[in-house]
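Chemist: Here it is: the structure, laid out below.
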There are 2 protein chains.
Amino acid sequence: MRETAQNTMMHGELALFAEGDVISTMLMPKEDGRRRVVIEGLSPEVDAGRFPAKRTVGDLVRVEADIFTDGHDAVSAALLYRHEGSQEWSETPMIFLVNDRWFGEFRVLDLGRYFFKVAGWVDHFETWRRDLHKRIQADSDTTVDYLMGAEILSHIARQTKPDDAGWLKARLDILKSKEAAKEDKRKVATDALLNEIIRRYPDREFASESERVLELVVDPVRGRFSAWYELFPRSTAPVAGQHGTFADCEARLPYIAEMGFDIVYLPPIHPIGTQFRKGRNNSTVAEAGDVGSPWAIGAAEGGHKSIHPELGTMEDFERLVKRTADFGMQIALDIAFQAAPDHPYVKNHEEWFRKRPDGTIQYAENPPKKYQDIYPFDFESSKWWAMWQELKDVFLFWIGHGVRIFRVDNPHTKAFPFWEWCITEIKRDYPETLFLSEAFTRPKVMYRLAKLGFSQSYTYFPWRNAKWEITSYLTELTKTSVREFFRPSQWPNTPDILTEFLQSGMRSAFMIRLLLAATLGASYGIYGPAFELMEWQPIQPGKEEYLNSEKYEVRSWDLNRPDSLRFLIALVNQIRRSNEALQTDWGLEFHPVDNEQLICYSKQSGDGANLVLMVVNLDPHNTQSGFVDLRLDLLNISYDTPYQVHDLLTDATYTWTGPRNYVSLNPHSIPAHIFRVR
Amino acid sequence: MRETAQNTMMHGELALFAEGDVISTMLMPKEDGRRRVVIEGLSPEVDAGRFPAKRTVGDLVRVEADIFTDGHDAVSAALLYRHEGSQEWSETPMIFLVNDRWFGEFRVLDLGRYFFKVAGWVDHFETWRRDLHKRIQADSDTTVDYLMGAEILSHIARQTKPDDAGWLKARLDILKSKEAAKEDKRKVATDALLNEIIRRYPDREFASESERVLELVVDPVRGRFSAWYELFPRSTAPVAGQHGTFADCEARLPYIAEMGFDIVYLPPIHPIGTQFRKGRNNSTVAEAGDVGSPWAIGAAEGGHKSIHPELGTMEDFERLVKRTADFGMQIALDIAFQAAPDHPYVKNHEEWFRKRPDGTIQYAENPPKKYQDIYPFDFESSKWWAMWQELKDVFLFWIGHGVRIFRVDNPHTKAFPFWEWCITEIKRDYPETLFLSEAFTRPKVMYRLAKLGFSQSYTYFPWRNAKWEITSYLTELTKTSVREFFRPSQWPNTPDILTEFLQSGMRSAFMIRLLLAATLGASYGIYGPAFELMEWQPIQPGKEEYLNSEKYEVRSWDLNRPDSLRFLIALVNQIRRSNEALQTDWGLEFHPVDNEQLICYSKQSGDGANLVLMVVNLDPHNTQSGFVDLRLDLLNISYDTPYQVHDLLTDATYTWTGPRNYVSLNPHSIPAHIFRVR
């Protein structure tokens, strides 16, 4: 808490200062007043440096800052950066852009935290060189200038390496010499090599540094680019009605890998509570044989560190993790911090839950709705610190068994300080760990969780269907400062979300939402096999719950149904893998189309080498046609040279010229173009 | 410098922590983990609290913040504030707006610095009350709810005043009672008075506070609302060719006061250097009798703390200051930190200037241009600290002689840290002091000076003539965060700036620029009598310097010329004084007109009670007509009720209905409407 930030920053100790006869009791500035360069407006910066910005391994980080000084002197600046594992700052020069804005770049090659700051200083040599040049141009008298140059050089010569010292000395002598011809002095002074050598010894005595050291968290590439596939392990048995096992999941891996997914995400795999167990279709009374919801965690067999006995053993699980890795994929576990009434925590750590005056434990509620099968943790418990450690230990337990990706259930119903502490602690030792935030809630809450450390976040994408909605939401996510900390994961469905759009049951509707998710989001996911098999029936009209939801029962899926979307999904994921442009959210640009049912957008890789152009028909019923009006300047395409667009979905190739081009998409064949532009 | 901001903020000491048998060496959070409320996104905030925002005495300060907690619990929040002169925080509740945004307000009644912060906490009583209400509505069982209420009340009862304690106890007993009827419990629980009393004792045990305490600088009202009149004292003599005196200035005061100005600003009044003195029209050689530039400060007679002998004595000056105050106006002095070669500083403090290798002192330069009559101070002098004190002492000297407003010449050529220190030091003791920054330079430099403490700043207004230029520039100044620290002072001319627009010499052109300046800027100024007498001849075509500029010679003005703009100026200033809307820059809104030569904008006072609508013809040559299309919703005018617009310039009154209304302005009569809207 800075009570008087301003004063602390500006004033040092009360100084008794004698100047002539006067003794002053003024506050003396803390900093040397000769530090004349101002550095402000740094980016990337999240909440003034309160939180780190996010990057992934291999990224080129572009840092910008406003850097200037008083008067007309020339300024030089450097970007300093270091990985948390090193005490040494690396350095790269910053380059002037425009309007006092400078930039510098460095590549992050290691996982974990990086620190960076900017230094700027008045460059007396450069000022002299620049002014001398102007004087020579204007034919002014330069006698004193050469002497001033000599003064600057001799100041610098004191710190040069021996190699350079002799070379400099010779030049110095000429500049100082009363006999040397002016033309010789001019040659010495304007020699490019002199400039190059002097740049090696910048005089930073009065250099300023940016007021804060800023931070980056560098994640694995999958933090930025990932395709998720969610499935219920218990619904993977080869025989209908049987409870699936981890071994069955193993057998499913080739199917998932063929579709091109990176992450296999499993809902909670722990023992399921029996008290107040939910029956099929969320009925409050379970019947015999009902398996309950995996999110009602904990029973006599154990809690968050145990495995549901019907799924298999810890060895089975570790084998599944390993086999998944063999396919180049990773297992993601669902961590849901809540307890069924028969969870061992309830007995052993009653103090972590809220007691009601009648002696019962407070179950989850959203009045008047009651969720008696679930006890929330009490983050105001007097034993919060022990509870925090145990909850963190749940992650560490599964990290110990090979898991590095966690999908966190409802993080917004747990105290925010816990997440910042927990994720920071875990990533300090396991910087390769990723956390997906499942917080379908208000925007500022979702953004706060991302700032606190969540690597990816679910979004409002499931409910953004119209062109204007998609455009404004994706612009917010990818073109504002939000992108520095919030990485969207775009899902067309989840076990909780069967959108109205998909309830039409039309194949075209599923294709549209898949194509949008996979091309708008560098990270996206589907809940399968419900998605590829186009499961569309809601529990009742107007609800987004699935009928016969897997959340409450074991399902069996006919994966080989001829209408399955699995081959389209495989094609889309293959296109994502071979086009760098689709592996980042940052290169997204929308382009006008004169038909509200057609949306057009492009994605470009950071280096601009890969350019992909999407046109999607948002209407699942009808063929829609129109003219796109491409913003060619953003795409580095000239207005009069023809360019080729190659549809990666259909393999058709067109030659276009200029911004206006005709498109027509029949949703019943395929509702989108994914053009590679050349 | 925060090396690892994140870690410092998040972690406390390494704690040896024993939970059960396990001894942990984890870093323990510094804050109690039960502080569950997040407070972020505070406004007003300048550079994350690095600089104070600006307000004027009497302002109602509106503070906003994003405030929320995890889960579904109700949140309450308060705004805390204090004047620097008090250690006690005052407090006012914050009110929920929308989307997790809250606001609170307080009025600043004293000059100087204010501090403010926000506190937020989970409100268990309100959560209970809200949930109980829902349960009653849904006819759910409320037995336990009343017991929970009793628990919360008994917790609060511990800290109540005796008056409330008994009252509460009686209610508590009913809620706890096993015998009391449910209906009685319901009545007690939902009693509005209960809510009111409980609100007096918020349970803030786990309240969060905003991470920074933010600051405001509160200036006199003239910091926000002021009309400046600049004149050269030496040109005020009643007899042409004679050197004017402070006594002559006194005689000029009624003329200035009648025009309605607030501030009489004098260029430097110090002795003028003789070495390298500039002649008329900036000639490099002065002739006998040439008076030189007032900005070439210092001669044998003294420097920045002395008065030019021909202007009068210190007593004369003090009398002028006093007489000006009698007219309700204030004197502003020009402080130009630079020295003529014969300034006493040059002899007595050679170390404050830069020595060149040939032993001479470095004069001002912008190569290849040389200003040999001026020596800049060297802010990299090893004696910078003594120099800073002396420069500050120049301000204090004139404060000692009654001056409280300073126009600072070229502050951007002096080191930035000096200004922050100097202005903060002076305003600590003299918070009524105002500083106008004369930095016609790059935008980020101008903004930095304002952040450092300058109360007002010159702007690019002189060169903004077209509708789109005026609209975009004024929007930047009045609708973005810039307005929190940068207060524009709009000048149509200065002794250095005779714009191309005014060089037409047309009366209409001068009227247009006056009307724009005085209605777009709550603060504005003119350099007179050159302005009201429409002085228009440049020293040469394409230059903005005046021919026969007062900067280099004594001029005599015929103030009674019949074409003088003095009566229009008086009318405009009177309109400004009687319309609060014109006294702030914040209530500005632009409205479309279907003619690019007509600009339309409105201004509203903070409370909305005063509404003024301007239409200006930007074309000095021709009558321009068109339809304005008012954004009536912004003006709180209904679309179908007639409203009256009363032209305060011509006294004409029109009745308008709806947004579209016809206007026609002949620049040769008067090129604007200033409508009071009722």
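Chemist: Distances longer than 25 Å among the Cα atoms of region B:293-423: what percent of all pairs is that?
Modeler: Numbers: 2448 of 8515 pairs.
Tail of P(r) above 25 Å: 29 percent of Cα pairs.
Chemist: Just the accessible area per residue of chain B, please: how many Å² with a 1.4 Å probe? Provide the component values of the computation, followed by the final result.
Modeler: Working: 26630 Å² over 678 residues.
Using a 1.4 Å probe on heavy atoms only, each residue of chain B averages 39 Å².
Chemist: Please work out how much length the chain gains when fully extended from A:Q159 to A:E545, using 0.36 nm per residue of separation minus the C-alpha to C-alpha distance, in nm with one decimal.
Modeler: On the way: separation 386, 0.36 × 386 = 138.96 nm, distance 7.31 nm.
Going from the current span to full extension adds 131.6 nm.
Chemist: Another question about this same structure. Go through B:134-140, A:432-438, A:658-664, B:499-505 and give me the packing order, highest mean Cβ count within 10 Å leading.
Modeler: Details: B:134-140: 13.3, A:432-438: 23.3, A:658-664: 15.0, B:499-505: 17.3.
So the order, starting with the most tightly packed, is A:432-438, B:499-505, A:658-664, B:134-140.
Chemist: About the Cα centre of the protein assembly as shown, what is the dipole size in debye to 20, counting +1 per Lys and Arg Cβ and -1 per Asp and Glu Cβ, all else neutral? Display every interim value, and only then the final one.
Modeler: On the way: 158 positive and 192 negative charges, 108 e Å.
For this selection, approximately 520 debye.
Chemist: Would you tell me the mean number of C-beta atoms belonging to other protein chains that fall within 10 Å of each C-beta in A:33-41, as a whole number? Before the final figure, lay out the partial values.
Modeler: Numbers: counts 12, 9, 4, 7, 2, 8, 0, 7, 3.
Average per residue, whole number: 6.
Chemist: Oh, and also: Per-residue accessible area for A:Y430 at 1.4 Å probe radius, Å² rounded to 10?
Modeler: Estimated to the nearest 10 Å², A:Y430 gives 80 Å².
Chemist: Label region B:427-560 by shape, choosing from rounded, prolate and oblate, from the square roots a ≥ b ≥ c of the eigenvalues of the Cα gyration tensor; if a/c is under 1.5 it is rounded, and otherwise prolate applies when a/b is larger than b/c, oblate when it is not.
Modeler: Numbers: a/c = 2.01, a/b = 1.48, b/c = 1.36.
Prolate is the answer for region B:427-560, as a/c is 1.5 or above and a/b outweighs b/c.
Chemist: How high is the FRET efficiency between B:A192 and A:D393 when r is their beta carbon distance and R₀ equals 35 Å, given to the nearest 0.05? Numbers along the way, then the final one.
Modeler: Details: r = 47 Å, r/R0 = 1.35.
My answer for the efficiency is 0.15.
Chemist: Could you check the simple spin-label distance between A:E301 and A:D651, using points 7 Å along Cα→Cβ, in nm with one decimal?
Modeler: Between A:E301 and A:D651, the label points sit 4.9 nm apart.
Chemist: Could you work out the relative contact order of chain A? I mean the mean sequence separation of Cα pairs under 8 Å and 6+ apart, divided by the number of residues, in percent.
Modeler: Dividing the mean separation by the residue count of chain A yields 10 percent.
Chemist: Over the Cα atoms of region B:84-203, what radius of gyration and what Dmax do you get, in Å?
Modeler: Taking only Cα atoms of region B:84-203, I get Rg and Dmax of 18.2, 60 Å.
Chemist: While we're here: How much length would be gained if the chain were fully extended between A:H133 and A:I361, taking 0.36 nm per residue of separation minus their Cα-Cα distance, in nm to one decimal?
Modeler: Working: separation 228, 0.36 × 228 = 82.08 nm, distance 8.16 nm.
Full-extension gain reported as 73.9 nm.
Chemist: Given a 1.4 Å probe and the protein chains all in place, what does the accessible area of B:K543 round to, in Å² to the nearest 10?
Modeler: 100 Å²
Chemist: Treating the beta-carbon of each Lys and Arg as +1 and of each Asp and Glu as -1, no other charges, what is the dipole magnitude of region B:143-256 about its Cα centre, to the nearest 20 debye? Don't jump to the answer; show the numbers that get you there.
Modeler: Numbers: 18 positive and 19 negative charges, 51 e Å.
That gives region B:143-256 a dipole magnitude of about 240 debye.
Chemist: Return one quarter of the surface area of the convex hull spanned by the alpha-carbon atoms of region B:615-678, equal to its mean projected area, in nm².
Modeler: Numbers: hull surface 16.6 nm².
One quarter of the hull surface, i.e. the mean projection, equals 4.1 nm².
Chemist: Measuring from the lowest to the highest alpha carbon on each principal axis, how far does the protein assembly as shown reach, largest first, in angstroms?
Modeler: Per principal axis, max minus min of the Cα coordinates gives 115, 83, 68 Å.
Chemist: Turning to a different aspect of this structure: Can you list the residues, at least 5 places off or on another chain, whose amide H is less than 5 Å from the amide H of A:Y265, using H built in the peptide plane?
Modeler: A:Y229, A:E230, A:L231, A:A332
Chemist: Is there a simple number for the mean count of other chain Cβ atoms within 10 Å of the Cβ of residues in A:212-220, and what is it? Don't jump to the answer; show the numbers that get you there.
Modeler: On the way: counts 6, 6, 3, 5, 0, 1, 0, 0, 0.
Going residue by residue through A:212-220 and averaging, the value is 2.
Chemist: While we're on this one: Below 8 Å, C-alpha to C-alpha, sequence gap of six or more: please give me the relative contact order for region B:175-291 in percent.
Modeler: Values: 76 pairs, mean separation 19.5, N = 117.
Rounded, it is 17 percent for region B:175-291.
Chemist: Using C-alpha positions alone, give me the convex hull volume of region A:86-146 per residue in cubic angstrom.
Modeler: Dividing the Cα hull volume of region A:86-146 by its residue count gives 135 Å³.
Chemist: With a ≥ b ≥ c taken as the square roots of the eigenvalues of the C-alpha gyration tensor of region A:334-379, please select rounded if a/c is under 1.5 and otherwise prolate if a/b is larger than b/c or oblate if it is not?
Modeler: Details: a/c = 1.77, a/b = 1.10, b/c = 1.62.
Verdict is oblate for region A:334-379.
Chemist: Any number yet on Rg/Rh for region B:282-331, C-alpha, Kirkwood?
Modeler: Numbers: Rg = 14.3 Å, Rh = 13.1 Å.
With Rh from the inverse mean 1/r over Cα pairs, Rg/Rh is 1.09.
Chemist: Here's another thing I want to ask about it. For region A:204-267, with all protein chains present and a 1.4 Å probe, just round the carbon and sulfur fraction of the accessible area to a whole percent. Walk me through the intermediate numbers first.
Modeler: Numbers: 980 of 1790 Å².
Here carbon and sulfur together make up 55 percent of the probe-accessible area.
Chemist: Relative contact order, percent, of region A:273-314 when contacts are C-alpha pairs under 8 Å separated by at least 6 residues? Present the calculation step by step, with values, prior to reporting the outcome.
Modeler: Values: 39 pairs, mean separation 11.8, N = 42.
So the answer I get is 28 percent.
Chemist: Another question, if that's okay. Using a 1.4 Å probe on the protein heavy atoms, what percent of the accessible area of region B:372-472 belongs to carbon and sulfur?
Modeler: After summing per-atom areas, the C and S share lands at 52 percent.
Chemist: Something else now. Residue by residue, what Karplus-based ³J(HN,Hα) values in Hz, rounded to whole numbers, does region A:294-303 have, using 6.51, -1.76 and 1.60 with θ = phi - 60° and x for Gly and Pro?
Modeler: Going residue by residue, I get x, 7, 8, 8, x, 7, 3, 6, x, x Hz, with x marking Gly and Pro.
Chemist: Net charge within 15 Å of A:K134 by Cβ-Cβ distance, Lys/Arg positive one each and Asp/Glu negative one each, not counting A:K134 itself? Don't skip to the end; give the middle numbers.
Modeler: Numbers: positive: A:R129, A:R130, A:R135, A:R186, B:K369, B:K370; negative: A:D73, A:E126, A:D131, A:D139, A:D141, A:D145, B:E365.
Result for the local shell: -1.
Chemist: With a 1.4 Å probe and all protein chains in place, put B:L648, A:L613 in order of accessible area, largest first.
Modeler: Per-residue accessible area, sorted high to low, gives B:L648, A:L613.
Chemist: Quick one: ranking B:F206, A:F675 by accessible area, 1.4 Å probe, largest first, what do you get? Walk me through the numbers on the way to the answer.
Modeler: On the way: B:F206 35, A:F675 0 Å².
Output order, biggest surface exposure first: B:F206, A:F675.
Chemist: So what are the ³J(HN,Hα) numbers for region A:608-625, from phi and the Karplus equation (6.51, -1.76, 1.60; θ = phi - 60°), rounded to whole Hz, Gly and Pro as x?
Modeler: After applying 6.51 cos²θ - 1.76 cosθ + 1.60, I find x, 6, 10, 10, 10, 10, 10, 10, 10, 8, 7, 9, x, 9, 10, 5, 10, 10 Hz.
Chemist: From the phi angles alone, apply the Karplus equation (6.51, -1.76, 1.60; θ = phi - 60°) to region B:442-448 and give each ³J(HN,Hα) in whole Hz, x where the residue is Gly or Pro.
Modeler: Residue by residue, region B:442-448 yields 5, x, 5, 5, 4, 5, 4 Hz.
Chemist: Where does the charge balance sit around B:Y229 when Lys and Arg score +1, Asp and Glu -1, over other residues with C-beta under 10 Å from its C-beta? List each step's numbers first, then the result.
Modeler: Numbers: positive: B:R252; negative: B:E230, B:D262, B:E532.
Once positives and negatives cancel, what remains is -2.
Chemist: What pairs in A:K427/B:K30; A:K347/A:K414; A:K117/B:K347 have C-alpha atoms more than 31 Å from each other? Don't jump to the answer; show the numbers that get you there.
Modeler: Numbers: A:K427/B:K30 19 Å; A:K347/A:K414 21 Å; A:K117/B:K347 42 Å.
Distance filter (> 31 Å) returns A:K117/B:K347.
Chemist: Report the charge-dipole magnitude of region A:54-150 in Debye, nearest 20, computed about the Cα centre from +1 at each Lys and Arg Cβ and -1 at each Asp and Glu Cβ.
Modeler: Its charge dipole is roughly 440 debye.
Chemist: Suppose you put the label 7 Å out from Cα in the Cβ direction; list, shortest first and in nm with one decimal, how far B:R442 is from each other copy's label.
Modeler: 4.2
Chemist: Hey, how much of the P(r) for region A:299-374 falls beyond 14 Å, as a percent of Cα pairs?
Modeler: Numbers: 2030 of 2850 pairs.
Result: 71 percent of Cα pairs exceed 14 Å.
Chemist: Summing both sides, how much accessible area is buried between B and A? Use a 1.4 Å probe and give Å² to the nearest 100. The partial results should precede the final answer.
Modeler: Details: alone 31090 and 31110 Å², together 53260 Å².
For B against A, buried area totals roughly 8900 Å².
Chemist: Mind checking the mean number of beta-carbon atoms from other chains within 10 Å of the Cβ atoms in B:46-56? Could the numbers behind the result be given before it?
Modeler: Details: counts 0, 4, 8, 5, 7, 4, 2, 0, 0, 0, 0.
If you average over the peptide's residues, the count of other-chain Cβ atoms is 3.
Chemist: May I pose another question? Can you give the FRET efficiency for B:K182 and B:H72, using 1/(1 + (r/R0)^6), R0 = 30 Å, r = Cβ-Cβ distance, to the nearest 0.05?
Modeler: Values: r = 25 Å, r/R0 = 0.83.
After rounding to 0.05, the efficiency reads 0.75.
Chemist: Using a label point 7 Å beyond Cα on the Cα-Cβ vector, give me the inter-copy distances for B:D558 in nanometres, one decimal, shortest first.
Modeler: 10.5
Chemist: Ignoring ligands, DNA and RNA, how do A:S283, B:S382 rank by accessible area with a 1.4 Å probe, largest first?
Modeler: Numbers: A:S283 45, B:S382 90 Å².
Result, largest first: B:S382, A:S283.
Chemist: Bin width 10 Å, alpha-carbon pairs only: give the P(r) of region B:363-451 as whole percents, running from 0 to the bin holding the largest distance.
Modeler: Binned Cα distances yield the sequence 14, 44, 35, 7, 0.
Chemist: Which residue in B is nearest the B/A rotation axis when you measure from the C-beta atom, and what is the distance in Å?
Modeler: Nearest Cβ to the rotation axis, residue and whole-Å distance: B:A48, 2.
Chemist: Between copies, how far does the label point of B:V239 sit from its twins, in nm, shortest first, when each point is 7 Å from Cα along Cα→Cβ?
Modeler: Between copies, matching label points for B:V239 lie 12.5 nm apart.
Chemist: Let me understand region A:253-364 better: what is its radius of gyration from the alpha carbons, and its Dmax, in angstrom?
Modeler: Considering region A:253-364 through its Cα atoms, Rg and Dmax are 16.7, 55 Å.
Chemist: Simple spin-label model, 7 Å along Cα-to-Cβ: B:F327 to A:A288 in nm?
Modeler: 10.5 nm
Chemist: Cα atoms only: what Rg and Dmax, in Å, come out for region A:363-516?
Modeler: 17.7, 54
Chemist: Continuing with the same structure: Report, to the nearest whole %, how much of the accessible area of region A:535-602 belongs to carbon and sulfur atoms, 1.4 Å probe, protein only.
Modeler: Numbers: 1480 of 3040 Å².
Answer for region A:535-602 is 49 percent, counting heavy atoms of protein chains only.
Chemist: If you don't mind, there's one more thing I want to ask. Kirkwood Rh over Cα pairs of chain B into Stokes-Einstein at 20 °C, 1.002 mPa s: D in µm²/s?
Modeler: 73 µm²/s
Chemist: Here is a follow-up. Computed over the Cα atoms, what is the radius of gyration of region B:43-112 divided by 2.2 N^0.38 Å, N being its residue count?
Modeler: Output field value: 1.24.
Chemist: What's the long-distance tail for region A:159-236, i.e. % of Cα pairs beyond 19 Å? Intermediate values should be presented prior to the final figure.
Modeler: Working: 1990 of 3003 pairs.
Taking all Cα-Cα pairs of region A:159-236, the fraction more than 19 Å apart is 66 percent.
Chemist: Okay, next question. Alpha carbon centre of region A:356-419 versus region B:531-560: separation in Å?
Modeler: 77 Å
Chemist: What residue among B:V213, B:A237, B:I152 has its Cα farthest toward the positive end of the dipole of region B:105-246, where the charges are +1 on Lys, Arg and -1 on Asp, Glu, each on the Cβ?
Modeler: It is B:A237.
Chemist: Over region B:187-274, consider all pairs of different Cα atoms and compute the Kirkwood hydrodynamic radius from their mean reciprocal separation; express it in Å, one decimal. Display every interim value, and only then the final one.
Modeler: Numbers: mean 1/r = 0.0515 Å⁻¹.
The Cα-based Kirkwood calculation yields 19.4 Å.
The values are calculated or read from the model by the stated rules, or taken from the named source; none is laboratory data. Everything numeric in this text was worked out from a predicted model, so none of it was measured. Using ideal geometry, Cβ is built from the backbone for each residue, glycine included, and neighbour counts are taken over all protein chains shown. Heavy atoms of the whole protein, side chains included, go into the accessibility calculation; ligands, DNA and RNA do not. Shrake-Rupley method; radii C 1.70, N 1.55, O 1.52, S 1.80 Å.
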